[in-house]
Amino acid sequence: MNSPILSALPVDAGDSRIGMLLIEAGKLTLDDAERVLRMHRDLGIRYGEAAQRLGLVREDDIRQALALQFAYPYVLPGQANYSARLVAAYEPFSPQVEALRAIRSQLMLRWFGRGRRALAIVGADPDDGAALFAANLAVVLSQLGEQTLLVDANLRTPRQHDIFGFKPRQGLSDLLAGRTDLEVINRVPDFVDLSVLPAGTLPPNPQELLSRESFRSLHTLLESHYNILLYDLAPASAGADALAAAGRAGGVLLVARKDHTQVAAMARMAGQLVEAGAEVVGAVVMEF
């Protein structure tokens, strides 16, 4: 016989919310939800634990429902068309993402906490991992509830549209050329506080475009719409594009790749960026 005390227990509001999230995600049917609710009440265990005991959901399903409940969105593998290397989206509890969150904390204290809104990300060479780092950093910043815009300002070899699974289309270069408007900014559906401005049409004059008054005006406009602007820049070895954009952002985070990036190249890049008017906020080392 069921305990009358346990049977009389009200459903916890948090448990009820998890049940609704699991139903909305297609993980439970209404009949399944009733079975889970009965076990939840009869045994006095958490709703998610009851659903797992009945074999209706996996631990990953419960973890994702809890993340949604606490406004910490992420996606399961196969749920979205993002690059597998976007670990902040797929593996939010991994050691790599813990390291990202530590960097995020430092940036919030040392840069964004000082009233700054924009930060440029740049590497010395094309395969240093700067674009990938910028994408993952944008995700974890948006998970703070900060309206975050990632701008692909690499007008030579852009990568953000591939990382986030967008089809190539107009973007930053077209905005700067006056060929489109802010509608080219993409909202990332799984992360409500994250948007991406792709690079757009590859121009013959990337350095000149980023040096024009139109870029200054666009930067000012974007700062008025978003809490955080991240610029993914072309590598320093590709030309002087990064200098113009980093100077406008005001601060820059350097990205190096372990056992690949040369110290002399990093030092040279840092010196050039400072001369261009950017403050070097710090450096990170990628390992992949």
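Would you mind checking which residues have amide H under 5 Å from Ala120's amide H? H placed 1.01 Å from N; only 5 or more apart, or other chain.
Tyr231, Gly251, Val252, Leu253
Which residues' amide hydrogens lie under 5 Å from the amide hydrogen of Gly165, considering only partners 5 or more residues apart or on another chain, with H built in the peptide plane?
Placed amide hydrogens put Ser83 under 5 Å from Gly165.
Taking the Cα centroid of segment 247-288 and of segment 133-174, what is the distance between the two, rounded to the nearest whole Å?
The distance from the Cα centre of segment 247-288 to that of segment 133-174 comes to 19 Å.
With unit charges on the beta carbons (Lys and Arg positive, Asp and Glu negative) and the dipole taken about the Cα centre of segment 87-286, which residue among Asn227, Leu194, Ala135 sits farthest to the positive side?
Positive-end residue among those listed: Asn227.
At each listed q (0.07, 0.12, 0.15, 0.16 Å⁻¹), what is the log10 of I(q)/I(0) that the Debye formula gives for the chain modelled as equal alpha-carbon point scatterers?
-0.33, -0.77, -1.05, -1.16
Work out the length of the dipole vector of segment 87-286 about its Cα centre, built from +1 on the beta-carbon of each Lys and Arg and -1 on the beta-carbon of each Asp and Glu, and round it to the nearest 20 debye.
Around 260 debye, computed over segment 87-286.
Rounded to the nearest 500 deg cm²/dmol, what is the calculated helix-only ellipticity per residue at 222 nm for the chain, with -39500 (n - 2.57) per DSSP H run of length n ≥ 4?
After summing the helix terms and dividing by residue count, I get -13000 deg cm²/dmol.
Just for the chain, what percent of DSSP beta bridges are antiparallel, to the closest 5?
Details: 2 of 27 bridges.
Among the beta bridges of the chain, antiparallel pairing accounts for roughly 5 percent.
Every number in this text was worked out from the coordinates using simple rules, so none of it is lab data. Keep in mind that this is a model prediction, so the values were computed, not measured. All Cβ positions, even for glycine, are placed from backbone atoms using ideal geometry, and neighbour counts span all protein chains on display.
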